[in-house]
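See below for the structure under consideration.
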Amino acid sequence: MKLDWGLMKLIRKIVFPFVPVYYLITRLRNVLYDRGIKTATSYNFPVICVGNLSVGGTGKTPMIEYLINLLKDDYFVATLSRGYKRESEGFQLGDEQSIVETLGDEPFQFYNKFGNDILVAVDADRRNGIKQLQSLDKSPEVVLLDDAYQHRKVKAGFNILLSAYSNIYTKDWMLPTGNLREPRSGAKRANLIVITKCPYNLSEARKAHIIKAIKPEKNQEVFFSSIAYDTHVHSWNQSVSLESFNDFTLVTGIANANTLVKYLKDKQRNFDHLDFDDHHNFTDHEILFLSTKSVILTTEKDFMRLKQYDVLKGKLYYLPIKTKIDRPEVFDKLILDFVKQ
């Protein structure tokens, strides 16, 4: 289970003296790449990077799925992820024998959803991953890099930077006190900045205020997105209307479950919540405990980890989500124009 938030805040205050050290290290690294002292590999085909400045919880997975749906009918698309917390090593390509332990939960979700319509690959070394994808008999026409904004060895042709509305990077601190992986100035590398998980009724005045705080470059566009929840929860072979789905245990292993919890409470659903760390690997003891629950609702990502356990069949459901972007016609055109060029 996650650490108590009060304890976490105390620890982050204690380690504040280390912030300048981490800032200088990451800043120096970026300067070396920006000035060409450290080399980054470019490609002669479209490579789109989706990432963030902070650790976790900004909605990278639904954004990757949005891009897949936008591109897959006209281009052969590949996703390339690190495969966080997978048990395999090196380059792995999703196929019918793949399991969550070999790909990681998010890439496994991509493969389960899109099958062989796309390529789903994982490799901590993104340069090697792209090289392996290029060597395939049918190589991809577009590569989507999942969570690779700080992977400077690869120079993506197009960068999409995500930042959650509840913790916009302009107000955040560097690790270990805050959540930023690199200085805020790293946002300048982005072509598009998307403020994710926004309230549905976000006003134009509030958007303008956020854009003013971000101070985007002349070549940057800022968009706002919200989470669109499915009207049904799904299991192995059935779906149930969320309106009739009640009295359950919510199990989450994501960076920030607050948006989902609020949505379910707004829907007046009755549930208790078990909140685990992001990408949590469930133990046998935890699975045994979950099997005592009558009905379980989880995220689609966590469903990929939990569906393998027979003791949970018949009681485990997930609630799919999608990214809903303001000005989608402008957003889509920017992506499609880059790919066409």
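The values are calculated or read from the model by the stated rules, or taken from the named source; none is laboratory data. Treat the numbers as computed from the prediction; the structure is a model and nothing was measured. Note that we place each Cβ from the backbone using ideal geometry, even for glycine, and neighbour counts take in every protein chain shown. For accessibility, only protein heavy atoms count, side chains too; no ligands or nucleic acids. Shrake-Rupley method; radii C 1.70, N 1.55, O 1.52, S 1.80 Å.
Some notes on this structure:
- The set of residues in the stretch 42-56 being within 15 Å of residue 178 (Cβ to Cβ) and either out of contact with any strand residue (DSSP E or B) (no Cβ under 6 Å at 6 or more places or on another chain) or not in a loop (DSSP other than H, G, I, E, B) (or both) consists of 52, 54, 55, 56.
- If you go through the stretch 173-206 and keep only what is without any contact (Cβ under 8 Å) to a residue 60 or more places away in the chain and either more than 26 Å from residue 254 (Cα to Cα) or part of a helix (DSSP H, G or I) (or both), you end up with 188, 189, 203, 204, 205, 206.
- Identity of the residue in the stretch 195-228, of a type in the set (A, V, I, L, M) and touching a helix residue (DSSP H, G or I) at 6+ places or on another chain (Cβ under 7 Å), that ends up most open to solvent (accessible area, probe 1.4 Å): 213
- Taking the numbered list (1) open to solvent by 60 Å² or more (accessible area, probe 1.4 Å); (2) of a type in the set (Ser, Thr, Tyr); (3) in contact with a strand residue (DSSP E or B) (Cβ under 6 Å, 6 or more places away or on another chain) in turn, residue 244 passes all entries but (3).
Residues are listed down the side, and each one gets a yes or a no for (1) at positive phi; (2) touching a Phe, Trp or Tyr at 6+ places or on another chain (Cβ under 8 Å); (3) not β-branched (Val, Ile, Thr):
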site: 137; (1), (2), (3): no, no, yes
site: 141; (1), (2), (3): no, yes, yes
site: 144; (1), (2), (3): no, no, yes
site: 168; (1), (2), (3): no, no, no
site: 201; (1), (2), (3): no, no, yes
site: 206; (1), (2), (3): no, no, yes
site: 209; (1), (2), (3): no, no, yes
site: 225; (1), (2), (3): no, no, yes
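- Within the stretch 302-312, the set of residues being open to solvent by less than 60 Å² (accessible area, probe 1.4 Å) and assigned to a helix (DSSP H, G or I) comprises 302, 303, 304, 305, 306, 312.
- Verdict on residue 167 being within 25 Å of residue 66 (Cα to Cα) and out of contact with any helix residue (DSSP H, G or I) (no Cβ under 9 Å at 6 or more places or on another chain): yes
- Qualifying residues in the stretch 135-176 (those that are in contact with a Pro (Cβ under 9 Å, 6 or more places away or on another chain) and over 24 Å from residue 123 (Cβ atoms)) - the one surrounded by the fewest Cβ atoms within 10 Å (Cβ to Cβ): 165
- Test for residue 39: is it surrounded by 18 or more Cβ atoms within 10 Å (Cβ to Cβ), at negative phi and outside any helix (DSSP H, G or I): no
- Close pairs from the stretch 151-163: first at pLDDT 95 or above, partner open to solvent by 30 Å² or more (accessible area, probe 1.4 Å) and not in a loop (DSSP other than H, G, I, E, B), Cβ under 7 Å, at least 6 apart: 153/41; 153/127; 154/41; 154/127; 155/41; 157/338; 158/338; 159/189
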